[in-house]
Amino acid sequence: MLLLLLILLPFIGAIAAACMPAHARNREAWFAAAIALSGLLITLSQFAVVSEGSILRYEIAWLPAYDLNLIFRMDGLAWLFTVLIQGICLLVVLYARYYMSPKDPVPRFFAFLLAFMGAMQGVVLSGNLIQLVMFWELTSLTSFLLIGYWHHRPDARRGARMAFTVTSIGGLCLLIGVLLLGHIAGSYDLDKVLLAGEVIRTHAWYLPTLILIALGALTKSAQFPFHFWLPHAMAAPTPVSAYLHSATMVKAGIFLLMRLWPVLAGTPEWTWIIGTAGVCTMLIGAFLAIFQHDLKGLLAYSTISHLGLITCLLGIGTPLAMVAAIFHTLNHATFKASLFMAVGIIDHETGSRDMRTLSGLRRVLPYTATLAIVASAAMAGVPLLNGFLSKEMFFAEALLVGSASNWWMSAAAVLMAIFGVAYSLRFIQVFFGPLQSGDNSTPHEPPRWMRFPVELLVLCCLIVGILPELSIGLLLGAAAQSVLGDAIPEYSLAIWHGVNLPLVMSVLAFGGGVVFYRWLVARCNLKLRDNVPLLHRLNGKEAYETTMLLLAAGAARLERWLGTRRLQPQLVILILLGISAALLMLWYLPTTLSALQFTPINLPFALLWLVGCSCAIAAAWQAKYHRLAALILVGGTGIVTSLTFLWLSAPDVALTQLMVETVTTILLLLGLRWLPARISARKLNLVATSRDKLRRIRDLSLAITAGVVLTLVSYIILIQPENQTISLFFLEKSLPEGGGSNVVNVLLVDFRNLDTLGEITVLSIVALTVYALLRRFRPAPESMRIPPQQTNPVDPASSQLPGEQAATGYLQVPAVYLRLLLPIIIVVAIYFFMRGHNLPGGGFIAGLIFAVALIIQYMLAGTAWVEARLKLQPHRWISIGLGLATLSGMGAWLFGYPFLTTHTAHVTLPLLGELHLPSAFVFDLGVFAVVVGTTMLILIALAHQAVRSHRIPGQSNEYRAQQEQK
């Protein structure tokens, strides 16, 4: 349960933070810090378990038959990353309390930050591969919100879109790769996948699986050639950069490679794909960092370089390289987060991050300067700091895989270190020289607690660099043990290993870096150079934007070729595709057309169908001339369909069809006024052409063909032997396992309730979309006009409501009496709802009946009367309905059952006797609420009868203004 709490706590905190009042930084900051601290304390309390090699595991049944359960899993590696995520988040929250302006929407910031923390923890703690991908995509979404937090800035919007596009494409590749990986391993359970390493590496699909998973990891961790998005994400607030680009988002790809290292590593393909990407990234990122003028830009490219170093270590594939990769991941998070925060302090105090206008800052920011210099020294790999130790391990592994004839890895490692020293020297130059403080002439040290996170992180760099074994040895060992198992190598975290080749490489890197930087200053004049030598033509941003423009142009061209503003050609294509699919089904069905059986004609039933067919043909004919008549005839066809279901002993379906016909006919009637007026051919002095006649013959032929083919498919399926259908299963299991004798309702709310939950969710989305699209528009003024003799001016002094006057103007006395239909129809709706589990009825039918009652009141009493007395809020109906349906499914988890598992309790009460109380009752109540809410929302959208703004014919402008003001 603690693992589940770790996941839920940040998301609950995000919702609570979003509901807090704006511009109250203290409250939101302390709340977010409490969430992060609580999670950190829970995680720290589990170290005694994971340090012994044990794995904490919590599983919630979801779809056990398909091996898709919610699994949360914590071993040494997951524990270390979780501590990193929560610890850095806690420090970032404290830092953001002082960094963020009181004018910023701070609740939104902390809500996004906590949601992102929860998504990252979900990635780290997922024990199911599909679940991991879901959280992976959630990190892309929440990082998009954080990067684009200052959405009024174009660079923030562009950076957020770029990061989201690249990482989402990688996430799609990851999903496909994970599906292949689970198929090869026979399970999506991470523990089972990790045990199938030999099977996976020898499988024929190993290479495509590796490529797809590598694409997901490399895009997320900004590896070459996908590195270009990370510098443009620096438009985010500095606390976001300090968090996302040091310890969390960019480390997600690194974590994935570490997590799947036991099953994917150890092959030449792994080494070439992962190792080559890592080498290219660490060199390109380090070289580009030297020529940046923005302090955050320099740190962005240095982040890319260090991520490439870690990826390169993972690509090497040796156990000691894995240990070094984990070690450098921790070191990079500490010194890079402190550097980002130090840059934020400089920007906060000077109003600039441009290194061309900043110098001598140690005179006005002495403490910040000292902290930043120490952190940049750790980034450069100076001895007695944590970066030096992991860099030495990298040099040793580079030498191990090289040889006298294959020295390119060692050379690349030294070259990267030289570039690292050069950009670190350029970073600290802003603290030396004559004082230039950007836009602010009087910078000063920040508040004490704003500097505290930087101090703590720099202290960690010093402690790990001086006492590595005592400070980090046990944590590193537990993480490495969880990945390598028995293959964990012997390694030493001692500061001094004697004079050896890695030490010589370090000395060469330091000396070469200083000389290279001095040469660049003397010859290239870094402050005046606007482009990057050699690489200035390789602009990833331009390539990305060019690609997006080409895609947009291609989509527009494709739309011109295939799209049309007319609905009819699109329907023709859809119907042709449907006919083709049906014919394909006929081809493969075991029963041939010769097996068709004909029964004697039932005259009443045939007459019923004759009426329905006549209505359908007449509706098609009248649609050309009179839409209202066509709509009435379509309703007649729907009634015949309902009677057909009733004839065939399907009362549930008949009731549903009848209610759907009633509601949709009214909504379509309202929708008619949105359509342009019909202009007759006689009025335009035109006649129907032969082309028009051919089109109508084509449409008639398509309609008849589609009906005949689908009828044949349905008939052949229905006459299959009973042992080949699933109907007997539901008939036998409905009462004993579903607790109800109405098979249709039990099927919807029990056996296939997950489908029903998806359907009501889609229904809610459609209703909200219709409302959002139509609420800003109004039909043509002519459609709002009514004859003068029907107008009923409103007297503000009158005691009657406007809706009542409008109603009496049209229907006079009958409307008052017909309002009594409301309680009667509500009782009928309750009756059908309560009996639905055992007799025809249910939440869907009851919801439609209730909606019909409300629609009648709108029609009879008028908008204002209904909304003044009933206080309808369709959005709340929808949210409550979805909440009830979801919570009824989640309740099964409390008893150890899969999601949406139902249960029927038998309770004996005085006077009432034994009652059957199925849990599906709550689910059905949610369906009822969603149906009512969506129907009323679409009604409001089509009729423009919004709660806050109605237009009654005959109202004066002054009266409407008074009402809106009230």
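The values are calculated or read from the model by the stated rules, or taken from the named source; none is laboratory data. Treat the numbers as computed from the prediction; the structure is a model and nothing was measured. Ideal geometry is used to build each Cβ from the backbone, glycine not excepted, and the neighbour counts take in all protein chains shown.
Odds and ends about this structure:
- Test for N331: is it in contact with a Cys (Cβ under 6 Å, 6 or more places away or on another chain) and more than 17 Å from L435 (Cα to Cα): no
- Across the range 307-346, the number of residues qualifying as over 17 Å from Y99 (Cβ atoms), of a type in the set (A, V, I, L, M, F, W, C) and in contact with a Pro (Cβ under 6 Å, 6 or more places away or on another chain) comes to 1.
- Against the test of being within 29 Å of the chain's Cα centre (by Cα) and either modelled with pLDDT of 90 or more or on the phi > 0 side of the Ramachandran plot (or both), the options T303, T267, T276, T271 yield a single qualifying residue, T303.
- Checklist (1) more than 24 Å from L194 (Cα to Cα); (2) in a helix (DSSP H, G or I) applied to F135, failing item: (1)
- Count - residues of the range 179-225 that are more than 20 Å from M162 (Cα to Cα), touching a residue at least 60 places away in the same chain (Cβ under 8 Å) and in a loop (DSSP other than H, G, I, E, B): 3
- Some residue of the range 433-445 being among the hydrophobic types (A, V, I, L, M, F, W, C) and within 23 Å of F516 (Cα to Cα): no
- Test: residue in the range 172-182 that is closer than 23 Å to G540 by Cβ, crowded, with 20+ Cβ neighbours inside 10 Å and not polar (S, T, N, Q): yes
- If you go through the range 840-874 and keep only what is surrounded by fewer than 16 Cβ atoms within 10 Å (Cβ to Cβ) and modelled with pLDDT of 80 or more, you end up with just Q873.
- Selection status of A522, farther than 19 Å from Y301 by Cα, outside the structural domain of P225 (by TED's automatic domain parsing) and either of a type in the set (K, R) or modelled with pLDDT of 75 or more (or both): yes
- Any hit, the range 546-553, residues being surrounded by 11 or more Cβ atoms within 10 Å (Cβ to Cβ), assigned to a helix (DSSP H, G or I) and modelled with pLDDT under 85: no
- Number of positions in the range 107-129 that are more than 25 Å from W449 (Cα to Cα) and surrounded by fewer than 23 Cβ atoms within 10 Å (Cβ to Cβ): 1
- Pairs, first farther than 15 Å from Q121 by Cβ in the range 137-148, second among the basic types (K, R) and surrounded by fewer than 22 Cβ atoms within 10 Å (Cβ to Cβ), C-beta under 8 Å, six or more apart: F144/R161; G148/R157; G148/R161
- Failed criterion for D486 (all others in (1) over 23 Å from L257 (Cα atoms); (2) surrounded by fewer than 18 Cβ atoms within 10 Å (Cβ to Cβ) hold): (1)
- Of all residues in the range 131-140 being more than 13 Å from T248 (Cβ to Cβ) and surrounded by 21 or more Cβ atoms within 10 Å (Cβ to Cβ), the one that is nearest to the chain's Cα centre (by Cα): V133
- Flag for D155 being modelled with pLDDT of 90 or more, surrounded by fewer than 16 Cβ atoms within 10 Å (Cβ to Cβ) and assigned to a helix (DSSP H, G or I): no
- Figure legend. Inter-residue proximity from the range 414-436: first residues buried (at least 24 other Cβ atoms within 10 Å of the Cβ), second residues part of a loop (DSSP other than H, G, I, E, B), beta-carbon distance below 7 Å, spacing 6+ or different chains. Indicated pairs: A417/G381; G420/G381; V430/M355.
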